[in-house]
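Student: This is the structure, below, for whatever I ask next.
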Amino acid sequence: MTNITQIIKYIDEYLIRNNQTNITPVHANKILAQAGLLSDSKDRPGLPLRKLLRDGKILHAYQIGNKWHIPHSKSGQKRASTLPASHPKPTMVISSSNKKSLPPLVGSNPTILILGTLPGDASLQKKQYYAKSGNRFWSIIAHVANSPIPLTYEEKKQLLFSHKIALWDVVHTADRHGSLDSDIRSELPNNLQKFLHQYPTIRTIAFNGQKAERLYNKYFAGQFPDNLTLRSSSPANQQFNDAVMIKDWKRLFQI
C-alpha cells in the first residue's frame, strides 16, 4: 500500500539535502524506487508518481503546461529538524535564497506586456516593481509616454494602465542570492500561456533586457511571435545614458 506521507517526507528531505526548490516526477520516482517507497515503470519512468499527482494525492505539487513540479511541502520553509539524525544538516536555509515573483500589474484591455526576469530584493521587500534606487524603469516609461515621472506606486500603476501596458516577470520562483539576474538558478516560469489567454488584447511582448528574453525563449519560444527586446533598465546596466535608453524604449509605441 502506497504511503503518501512517507513519500512526501522523503521528497522534502531530498530537496533540503540537495538545496533544490523542486523536483520532477521522473527524478522523484527514481529516488523513491531506490528507497523502496514507490516502484517505478521501466517503460515510462515517473508514471506511478504522475498517477498520484493526477489523482491529487500530493496537493502541493503543480503543473506548468504539461509538466509537473513537486516543491517542498512547506513551500520553501525548510527546517533542519525534519531531517533524520543520520543525515547531515544543511549548512544554509534554502528559503533565504528562494525568491517568488510579484503578481502582475494589469489594467483593462492591455496591448503591451513588459516582462522582466524576477524582482530584485528591494522590490520584493516593498512588494513594488522596480523599487531599487537607480533602476530607470519608471522614469523611462514616463519619458516615452510623454507623462510626468510618477512619485507614488499608485501613480506608477496608473501610468502603465493609461497606456495599456501590463507588467510581469518571466520567472515565478527561483533560487537567487541577492538581486543579480546572473545568479538566478532552478527557476520555474510564470504561467504566461494562461495570462495571454486571459488577456487576448495583448499584441506585443517587450522584454526588459536580454536575460528576460532568454528565459522566455527557454520555456515559451515560438508561442507568441510579436516580441521586442529592450535595453535593461537595471542599475547594473549603466553603459547607456538616459538619451540612448529613452530612444530604445520609444519602440514600445512604434509597433
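Student: Which residues, taken from the stretch 206-237, are without any contact (Cβ under 8 Å) to a residue 12 or more places away in the chain and assigned to a loop (DSSP other than H, G, I, E, B)?
Tutor: Those that are without any contact (Cβ under 8 Å) to a residue 12 or more places away in the chain and assigned to a loop (DSSP other than H, G, I, E, B): ALA221, GLY222, PRO225.
Student: To continue, here is another question. Has the stretch 160-177 got at least one residue that is hydroxyl-bearing (Ser, Thr, Tyr) and under 20 Å from GLN254 (Cα atoms)?
Tutor: Within the stretch 160-177, one or more residues are hydroxyl-bearing (Ser, Thr, Tyr) and under 20 Å from GLN254 (Cα atoms).
Student: ARG185 versus (1) touching an Asp or Glu at 6+ places or on another chain (Cβ under 7 Å); (2) in contact (Cβ under 8 Å) with a residue 12 or more places away in the chain; (3) over 18 Å from SER233 (Cα atoms); (4) of a type outside the set (S, T, N, Q): which is the lone unmet condition?
Tutor: The number of the failed condition is (2).
Student: Here's something else I'd like to know. Under 22 Å from the mean Cα position of the chain (by Cα) and at positive phi: does that describe GLY178?
Tutor: It is true that GLY178 is under 22 Å from the mean Cα position of the chain (by Cα) and at positive phi.
Student: Hey, another quick one. Could you figure out which of (1) under 20 Å from ASN66 (Cα atoms); (2) in contact with a helix residue (DSSP H, G or I) (Cβ under 7 Å, 6 or more places away or on another chain); (3) open to solvent by 50 Å² or more (accessible area, probe 1.4 Å); (4) not polar (S, T, N, Q) isn't true of ALA221?
Tutor: So the condition that ALA221 fails would be (2).
Student: Report every pair of residues separated by at least 6 positions or lying on different chains whose Cβ atoms are under 9 Å apart, first residue within the stretch 111-124 and open to solvent by less than 20 Å² (accessible area, probe 1.4 Å), second assigned to a helix (DSSP H, G or I) and hydroxyl-bearing (Ser, Thr, Tyr).
Tutor: So the pair list comes out as LEU115/TYR216.
Student: Against the condition among the charged types (D, E, K, R) and either more than 20 Å from LYS126 (Cβ to Cβ) or exposed (fewer than 15 other Cβ atoms within 10 Å of the Cβ) (or both), how does LYS157 come out, does it pass?
Tutor: No: the conditions fail for LYS157.
Student: Right, here's the next one. Taking the stretch 191-208 on its own, how many of its residues are of a type outside the set (A, V, I, L, M) and buried (at least 20 other Cβ atoms within 10 Å of the Cβ)?
Tutor: Residues that pass the stated criteria total 2.
Student: State all residues of the stretch 21-65 that are polar (S, T, N, Q), in a loop (DSSP other than H, G, I, E, B) and within 22 Å of LEU192 (Cα to Cα); if no residue qualifies, say none.
Tutor: Within the stretch 21-65, THR21, THR24 qualify.
Student: Which numbered condition in (1) charged (D, E, K, R); (2) surrounded by fewer than 18 Cβ atoms within 10 Å (Cβ to Cβ); (3) more than 21 Å from the chain's Cα centre (by Cα) is the only one that ASP40 fails?
Tutor: Looking at each condition in turn, ASP40 falls short on (2).
Student: GLY178 passes all but one of (1) farther than 21 Å from TRP138 by Cβ; (2) open to solvent by less than 40 Å² (accessible area, probe 1.4 Å); (3) touching a Phe, Trp or Tyr at 6+ places or on another chain (Cβ under 9 Å); which number fails?
Tutor: Only one criterion in (1) farther than 21 Å from TRP138 by Cβ; (2) open to solvent by less than 40 Å² (accessible area, probe 1.4 Å); (3) touching a Phe, Trp or Tyr at 6+ places or on another chain (Cβ under 9 Å) is unmet by GLY178, namely (3).
The values are calculated or read from the model by the stated rules, or taken from the named source; none is laboratory data. Just so we're clear, the structure is a prediction, and the values are computed from it rather than from any experiment. Note: ideal-geometry Cβ built from the backbone for every residue, glycine included; neighbour counts use all protein chains shown. The accessibility values were calculated without ligands, DNA or RNA, using every heavy atom of the protein model including side chains. Shrake-Rupley method; radii C 1.70, N 1.55, O 1.52, S 1.80 Å.
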